[in-house]
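The values are calculated or read from the model by the stated rules, or taken from the named source; none is laboratory data. None of these values were measured; they are calculated from a predicted model. Note that each Cβ is placed from the backbone with ideal geometry, even for glycine, and that neighbours are counted across all protein chains shown. Remember, those area values only see protein heavy atoms, side chains included, never the ligands or the DNA or RNA. Shrake-Rupley method; radii C 1.70, N 1.55, O 1.52, S 1.80 Å.
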Amino acid sequence: MRSVSIFGATGSIGESTMDLLLRQGGAETYRFVALTGGRNLARLAEMARAVRPEIAVVADAGCLPELRERLAGTGIATAAGPQAVAEAADRPADWVMSAIVGAAGLVPGMRALAHGGTLALANKESLVTAGPLLLEQARRHGARILPVDSEHSAVFQALVGEDMATVERITITASGGAFRDWPAERLAAATVAEASTHPNWDMGQRITIDSASMFNKALEVIEAREFFDIAPDRIEVLIHPESVIHAIVGFCDGGMIAHLGAPDMRHAIGYALNWPDRAHLPVARLDLAAAGRLSFRAPDPVRYPALGLARAVMETRGLAGAAFNAAKEVALDAFIAGEVGFTDMARVVEAVLGELSGREGLGNPARDLDMVLDMDQQARRVARTAIDGRNWS
Ligand code: NDP
């Protein structure tokens, strides 16, 4: 029986993953090892009762007594706190979904790879902050990382049977987010509620806001650079409002292979779950005649400064990805809390990168996870100071 764990089970990707696992037989087909959540313990307990994992873990330590109470008499072990989430990854599982949001997903993913199974990677922040370390960990333990981000899954699928040396260009598409048709001068006053609505995809709040600012696409460009080991100038972003084509790979003979599908993450999750086979998936089938036309345009660098920042991060490499992601997470928290405006987020991140590039170490290769976590903490402190002092450029 194949064993599975879901990190971030209570989130948008976690729910879609659970939906597919239940449709494929649930606990009759899979042995569930660990389910983790952040604070939504009602949902975590409900899921745990349905599939009977060895352990259910909640990241918020204060939630443990209630989780215990909800799972009393089931025989399911419970634990709480970030350390317990990481330890849950020490329990071997054949297939692990990494769907915690943010840098908090890095350590559990690294530890899961030590068992040599498959890590289905939705947590793009892992590759952005510590790409070379993560890939090396997979190599060392004979583990496999399968991309779950829809664009990266699309590229991965377009590359089946292809030689990477023949790839000229990878194009990842972007819907353009909630404000793609807003006049640029309105963006500064955009509210959290407005930024939390996505025109095409139904996702968690943080990634939805990151889609509006294109920080999500910025992370994805860096993720593609790391995962496919392709030079940054060969990665292109194209705004494609219909979100039908998820990525295009251009080859040295002029041919291009595009991946199309309905905007439903269960396709990419299901592909990673069933790989190398394909299984019937409950996603809508595209009706291209009804769609009529597909449109594309280049992103405006002034409207989407996050994309330019990603280019700078890829040039610096080393620990710059960890700093970029941490600064972005703090700026996003500050936007959600009403401390900074929508367009201030990119200014904060730029200020943090500027400040840290004046210090030693930003471009140093990450030799171990501690270096990444140190840079993450440093960038969070600098971002917090910048926000408190409102001293970004
Ligand atoms: P959600 O916000 O919906 O869910 C995040 C999950 O992580 C929840 O289970 C949440 O728990 C848990 N969590 C939050 N903070 C912590 C923490 N500090 N420690 C441990 N667990 C925590 O996010 P999404 O599902 O949208 O995204 C998950 C990841 O997948 C992200 O990296 C995102 O970029 C990526 N992704 C998402 C896509 C999507 O369509 N949603 C598409 C492609 C990639 P709780 O809810 O219980 O608090």
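Under unit Cβ charges (Lys, Arg +1; Asp, Glu -1), what dipole magnitude, rounded to 20 debye, does the range 253-393 have relative to its Cα centre?
On the way: 16 positive and 18 negative charges, 74 e Å.
With only Lys, Arg, Asp and Glu charged at Cβ, the dipole is about 360 debye.
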How high is the relative contact order of the chain, given as a whole-number percent (alpha carbon pairs under 8 Å, six or more residues apart)? 14 percent
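Is there a quick way to get the dipole size of the range 102-171? I mean about its Cα centre, with the Cβ of Lys and Arg at +1 and of Asp and Glu at -1; what is the value in debye to the nearest 20?
Working: 6 positive and 7 negative charges, 68 e Å.
It comes to approximately 320 debye.
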So for 115, 280, what's the accessible-area order with a 1.4 Å probe, most first? 280, 115
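Kirkwood hydrodynamic radius (Cα pairs, Å) of the range 1-154? Please report the intermediate quantities before stating the final value.
Values: mean 1/r = 0.0662 Å⁻¹.
With all distinct Cα pairs of the range 1-154 included, I get 15.1 Å.
What area, in nm² and to one decimal, does the C-alpha convex hull of the range 199-258 cast on average over all directions? Don't jump to the answer; show the numbers that get you there.
Numbers: hull surface 19.4 nm².
Average of the hull's projected areas for the range 199-258 equals 4.8 nm².
Given C-alpha coordinates of the range 221-331, what is the ratio Rg to Rh with the Kirkwood estimate of Rh? Walk me through the numbers on the way to the answer.
On the way: Rg = 16.8 Å, Rh = 16.7 Å.
Rg divided by Rh gives 1.00.
Can you give the helix-only mean residue ellipticity at 222 nm for the chain, where every DSSP H stretch with n ≥ 4 adds -39500 (n - 2.57) and the sum goes over all residues, rounded to the nearest 500 deg cm²/dmol? Before the final figure, lay out each step's value.
Details: 16 runs with 175 residues, N = 393.
Per the formula, -13500 deg cm²/dmol.
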Centroid-to-centroid separation of the range 154-230 and the range 352-375 [C-alpha atoms, Å]: 25 Å
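For every other residue with a beta carbon closer than 14 angstrom to the beta carbon of residue 340, add +1 if it is Lys or Arg and -1 if Asp or Glu, then tell me the sum. Mind showing how you got there, number by number?
Values: positive: 328, 347, 384, 390; negative: 329, 333, 339, 344, 350, 388.
Local net charge: -2.
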State the answer as a single residue: which of 327, 265, 250 lies farthest towards the positive end of the charge dipole of the chain, with beta carbon charges of +1 for Lys and Arg and -1 for Asp and Glu, about the Cα centre. 265
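Rank-order 282-288, 164-170, 105-111 by packing density, defined as the average count of other C-beta atoms within 10 Å over each peptide's residues, highest first.
On the way: 282-288: 11.1, 164-170: 14.4, 105-111: 23.9.
Per-residue Cβ counts within 10 Å, averaged per peptide and sorted highest first, yield 105-111, 164-170, 282-288.
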Find the accessible area per residue for the range 90-156; the probe is 1.4 Å, ligands and nucleic acids are left out, and the unit is Å². 29 Å²
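When the accessible area of the chain is computed with all protein chains present and a 1.4 Å probe, what percentage of it is carbon and sulfur?
On the way: 8190 of 16340 Å².
Roughly 50 percent of what the probe reaches on the chain is carbon or sulfur.
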Toward the positive end of the charge dipole of the chain, about the Cα centre and with charges on Cβ (Lys, Arg +1; Asp, Glu -1), which of 65, 240, 103 goes farthest? 65
Debye, to nearest 20: dipole size of the range 1-75, +1 on Lys, Arg Cβ, -1 on Asp, Glu Cβ: 140 debye
Binning at 10 Å from 0, report for the chain what percent of all alpha-carbon pair distances ends up in each bin. 5, 23, 33, 27, 11, 1, 0
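All other residues with a Cβ under 14 Å from the Cβ of residue 323 taken together, and with Lys, Arg as +1 and Asp, Glu as -1, what is their net charge? Please report the intermediate quantities before stating the final value.
Details: positive: 317, 328, 359, 380, 381, 384; negative: 125, 315, 329, 350, 355, 360, 374, 376.
Net charge around residue 323: -2.
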Compute the separation of the alpha-carbon centres of the range 14-57 and the range 113-151 and state it in Å as a whole number. 21 Å
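With the convex hull built on the Cα atoms of the range 282-325, state its orientation-averaged projected area in nm². The partial results should precede the final answer.
On the way: hull surface 23.8 nm².
Directional mean of the projected Cα hull area for the range 282-325 stands at 5.9 nm².
Given 4 °C and 1.567 mPa s, compute D for the range 217-286 with the Stokes-Einstein relation, Rh being the Kirkwood radius over Cα pairs; round to the nearest whole µm²/s. Kindly include the intermediate steps, with their values, before the conclusion.
Working: Rh = 14.0 Å.
Value of D from the Cα-based Kirkwood radius: 93 µm²/s.
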How many Å² of accessible area per residue for the range 1-48, probe 1.4 Å? 36 Å²
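How much net charge surrounds residue 369 when only the other residues with a Cβ under 13 Å from the Cβ of residue 369 are counted, with Lys and Arg +1 and Asp and Glu -1? Each step should come with its number before you reach the end.
Values: positive: 111, 367; negative: 136, 368, 370, 374, 376.
Result for the neighbourhood of residue 369: -3.
Please calculate how many Å² of accessible area the range 252-393 carries per residue, with a 1.4 Å probe and no DNA, RNA or ligand atoms counted.
Values: 7230 Å² over 142 residues.
Normalised by residue count, the accessible surface of the range 252-393 is 51 Å².
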